[in-house]
1. Can you give the % of DSSP beta bridges in the chain that are antiparallel, to the nearest 5?
2. Just the number, please: carbon plus sulfur as a percent of the accessible area of the chain, 1.4 Å probe, no ligands or DNA/RNA counted.
3. Explain nothing, just the number: dipole magnitude of the chain about its Cα centre with +1 on each Lys and Arg Cβ and -1 on each Asp and Glu Cβ, in debye rounded to the nearest 20.
4. Let a ≥ b ≥ c be the square roots of the eigenvalues of the Cα gyration tensor of the stretch 29-83; is it rounded (a/c under 1.5), or, if not, prolate (a/b larger than b/c) or oblate?
5. From the gyration tensor of the Cα coordinates in the stretch 39-127, what semi-axes in whole Å does the equivalent ellipsoid have, largest first, with each one equal to sqrt(5λ)?
6. Could you work out the helix-only [θ] at 222 nm for the chain, with each DSSP H run of four or more residues adding -39,500 (n - 2.57) and the total divided by the number of residues, to the nearest 500 deg cm²/dmol?
7. Scan the stretch 18-127 for trypsin sites (Lys or Arg not before Pro) in coil per DSSP, keeping those whose Cβ has at most 10 other Cβ atoms within 10 Å, and list them by number.
8. So what is the relative contact order of the stretch 1-124, in percent, for Cα pairs below 8 Å that sit 6 or more residues apart?
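The values are calculated or read from the model by the stated rules, or taken from the named source; none is laboratory data. As the structure is a prediction and not an experimental result, all values here were calculated from the model. We place every Cβ from the backbone using ideal geometry, glycine too, and count neighbours over all the protein chains shown. Quick note on the areas: whole protein, heavy atoms, side chains included, nothing else; ligands and nucleic acids left out. Shrake-Rupley method; radii C 1.70, N 1.55, O 1.52, S 1.80 Å.
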Amino acid sequence: KTAYEIYQCDWSSDVCSSDLMFNEWPFMKYEHELEELWKDMPKCDVVVVHGPPYGAGDIVRYRGYQGSPTLANKLEELEIPWCICGHIHENYGIHRLGKTRVVNAAILDDQYIRRHDPMRLEIVPSV
């Protein structure tokens, strides 16, 4: 394989909306809105989104899992190999969600201080 299919979406889950934490931020949607948005997500090699799926790269101190269940379900349904995200500063690193490798590339901590170097990924073609 010499080319990769990449799906990109700016929107992120507004999971903290009960306390109005993210309601004023741009590119936030409720889960039911993300279901509609992502229902036609194509089968692809890499999904690039702002916020992580639920259960991988999405743990926030004192709040637990904050990722999108809708995104997690879609990645598993389509067996997407890679998901690249950020948003959750505390959970930098490479995580697993079923067959999907979830890369949380957020380099700042929760105080917006740089704590990590940018990542360089080498995605090896599957045979």
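1. On the way: 8 of 22 bridges.
Antiparallel bridges make up about 35 percent of those DSSP assigns within the chain.
2. Values: 4030 of 7730 Å².
The nonpolar share, carbon plus sulfur, comes to 52 percent.
3. On the way: 13 positive and 20 negative charges, 104 e Å.
That gives the chain a dipole magnitude of about 500 debye.
4. On the way: a/c = 2.34, a/b = 1.43, b/c = 1.63.
Oblate shape, in that a/c is at least 1.5 and b/c is the bigger or equal ratio.
5. Details: eigenvalues 98, 51, 18 Å².
Over the Cα atoms of the stretch 39-127, the semi-axes work out to 22, 16, 9 Å.
6. Working: 2 runs with 18 residues, N = 127.
After summing the helix terms and dividing by residue count, I get -4000 deg cm²/dmol.
7. Working: sites: Lys29, Lys39, Lys43, Arg61, Arg63, Lys74, Arg96, Lys99, Arg101, Arg114, Arg115, Arg120; in loops: Lys39, Lys43, Arg61, Arg63, Lys99, Arg115, Arg120.
Sparse-neighbourhood loop trypsin sites (Lys or Arg not before Pro): Lys39, Lys43, Arg61, Arg120.
8. Working: 248 pairs, mean separation 25.2, N = 124.
Normalised by residue count, the contact order of the stretch 1-124 is 20 percent.
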